[in-house]
1. Which log10 I(q)/I(0) values does chain A give at q = 0.13 Å⁻¹ under the Debye formula, counting every alpha carbon as one identical point scatterer?
2. Looking at region A:4-86, which GluC sites (Glu not before Pro) are DSSP coil and have at most 11 other C-beta atoms within 10 Å of their C-beta?
3. Only Cα pairs within less than 10 Å get springs; with that Gaussian network setup on chain B, which residue of B:Leu119, B:Leu166, B:Leu227 has the largest fluctuation?
4. Given a 1.4 Å probe, how much area per residue of chain A is accessible, in Å²?
5. Find, to one decimal place in angstroms, the Kirkwood hydrodynamic radius of chain B, where the mean of 1/r is taken over every pair of different Cα atoms and then inverted.
6. When we measure straight from the Cα of A:Lys268, which aspartates and glutamates land under 14 angstrom away, once same-chain ones fewer than 8 places off are left out?
7. What residue among B:Ile220, B:Ile150, B:Ile43 shows peak mean-square fluctuation when chain B is described by a Gaussian network model with Cα springs under 10 Å?
8. Can you list which of the DSSP-assigned H helices in chain A have a Cα extent of 15 Å or more along the long axis and an average Kyte-Doolittle score of at least 0.0?
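The values are calculated or read from the model by the stated rules, or taken from the named source; none is laboratory data. Just so it is clear, the model here is predicted, and its values are computed rather than measured. Cβ sites come from the backbone with ideal geometry, for glycine too, and all protein chains shown count toward neighbours. For accessibility, only protein heavy atoms count, side chains too; no ligands or nucleic acids. Shrake-Rupley method; radii C 1.70, N 1.55, O 1.52, S 1.80 Å.
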Amino acid sequence: MPSKNRIYQHPVLRNGSTDYADGSTFESIFSVAISEITSKDTVEVSYVLQVRNMYLLKLVENKKAGLFLSFYSSETLFKKLIKIENLQGRLQLPKGAVLGNLEIEPFIIAVTSISDFLPNGLNEEYGAIKFEIEAGATLAVGEREVFPISFSRRSFQDLIRVQTSMELDKNEYEISLASNIITINMGTNVRQAWELMSSDPNFRPFLFISIYKDTFVEALSALVSGDDVEEFAWARKLKETFEKVGLNITDESDFTKLNRAVLRLLGKKGIEQVIADVN
Amino acid sequence: MSINLKILSEESLENIRNIAKESGYSALFELESLVVEHDLRLINSPYEFDSSVELLIPDSTSWDKNFDRENSLRIFSALPNFLPIHAADERLWVSLAFGNYFEYAKKRWSAESTKSKDLSQLILNHWFCPTSRSRWRDHAISRLWWVGHIANSTPGLKSKEVLDVLYLNSDLINSFLGHPRTTSSQRVSSALISLLHEKYFNVKAAAFNRDRFRNFMHLIDLRSGKLHLDAISDTELRNLLLDCFHESHKN
């Protein structure tokens with residue numbers, strides 16, 4: 001995930017910026033796991049960083065700058081900037097500190113003030129300008145990655161429930177996305193049809209091309225449009241499910257694309273099953 | 001006496017939420033009644049809970065008589081070995097708000113309107129907490145725990161000092177927690193609370209003012225966009241916060 005667009009008053013090595021023009025890069029690979037050895041409820045992070053710029057590496061070596069990893073978990077109000085000594089390693093976050101979306105972002109940060117900052121490989125537009133850098137300033141920033149952290153394994157099915165509503169017309173249904181579980185509120189006829197269809201293998205596939213499809217599309221739309229639903233369990237699972245089939249849902253911004261993505265995902269249990277049953 | 005608390009199952013939690021959405025009057029009952037009436041299920045939880053801890057029932061919802069400060073310490077002590085990841089479990093907070101602390105919640109968040117729709121909204125806001133923001137800001141019980149947790153985990157400060165500052169004014173606490181990318185760092189929040197305690201209590205150099213405080217937090221946000229506050233020295237951090245304070249509080 002691209003790091004947030006920030007404006008700096010000095011050159012910063014980062015993706016998508018033309019501050020450096022010589023192929024300098026700052027890349028990272030992270031893997032996140034729940035510790036099975038030391039203490040449960042503890043998250044372990046492995047990292048490999050690669051810095052392709054000699055000037056910045058020299059600043060790190062001379063202790064004028066440092067390599068840092070920033071961690072943020074909004075669900076648990078946890079934020080920590082950890083200084084690391086090597087480009088590769090593993091660390092543990094405090095027990096019970098993170099849950100939901102864990103954001104990790106690598107940085108090279110000035111730890112002292114640096115006068116005459118003039119790295120190699122700068123875009124020639126900078127000319128020979130030398131920059132005064134304050135301690136704490138960003139010199140390089142890598143890609144921000146978000147990892148879903150969950151201590152209980154749940155299937156997507158566990159995250160959808162249905163409920164009869166007397167408020168709705170008998171032939172209506174509506175989808176509520178405002179908690180960890182998606183609730184499909186159904187008018188009495190819809191609920192009756194649901195029970196009949198879900199208990200009969202011949203009719204079950206039709207749920208996947210109707211109510212389930214609507215539910216997935218509505219859930220995806222909420223997720224993509226930034227409706228403050230990212231931290232819900234269904235949202236994390238849905239994202240994970242789509243990523244498993246190689247679909248980055250943040251790229252699917254319009255309804256037609258979302259609809260097609262859902263049709264592809266549910267095709268096996270819906271349309272293909274209908275054809276298989278007929279044949 | 002600590003027991004392992006029984007909490008609503010996920011399914012039952014959603015049932016009550018739905019009941020509350022449809023009619024506030026049908027939902028505002030103690031957990032025991034709701035369980036019987038709506039065939040809800042309670043399950044064992046891993047959370048230790050000291051059921052002897054009672055919350056002070058407020059006489060009024062006014063800021064100086066709501067007992068939030070004392071109750072935040074009480075709820076924190078009622079949940080030993082409790083971690084921030086546990087505080088994300090909505091089932092627990094809903095179970096406590098309808099269960100052990102129902103009378104407290106009803107009094108602290110009493111209804112001002114008799115319309116069922118308004119009552120529904122009140123219950124959804126203060127008895128339920130599906131998002132992290134609702135857990136630290138709105139939920140009758142979990143908001144108290146979060147402050148208790150911050151008071152007991154801010155390095156270098158006594159819980160009394162932290163509570164002095166956070167409970168000085170309702171705007172202060174909302175503004176403070178409303179900047180989670182700044183205040184979630186324990187090091188930054190410690191420096192920040194320490195400075196505020198000094199300014200508001202020790203030297204009484206300033207009185208709390210909502211607009212000035214909001215401006216103060218805004219200035220810190222601006223500065224932290226430019227510098228990593230967690231990467232600078234303690235002295236630099238304090239000076240930066242002082243600058244922001246003086247700038248926001250100058251006449």
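1. One equal scatterer on each Cα of chain A leads to -0.95.
2. Details: sites: A:Glu27, A:Glu36, A:Glu44, A:Glu61, A:Glu75, A:Glu85; in loops: A:Glu36, A:Glu85.
Those that pass, being in a loop and sparsely packed, are A:Glu36, A:Glu85.
3. Fluctuation is largest for B:Leu227.
4. On the way: 14490 Å² over 279 residues.
Computed with neighbouring chains in place, this is 52 Å² per residue.
5. Working: mean 1/r = 0.0514 Å⁻¹.
With all distinct Cα pairs of chain B included, I get 19.5 Å.
6. Output for A:Lys268: A:Asp277.
7. The residue with the greatest mean-square fluctuation here is B:Ile43.
8. Working: long enough: A:188-199 (17 Å, -0.54); A:211-224 (20 Å, 0.94); A:233-244 (17 Å, -1.22); A:255-266 (16 Å, 0.57).
Both cut-offs are met by A:211-224, A:255-266.
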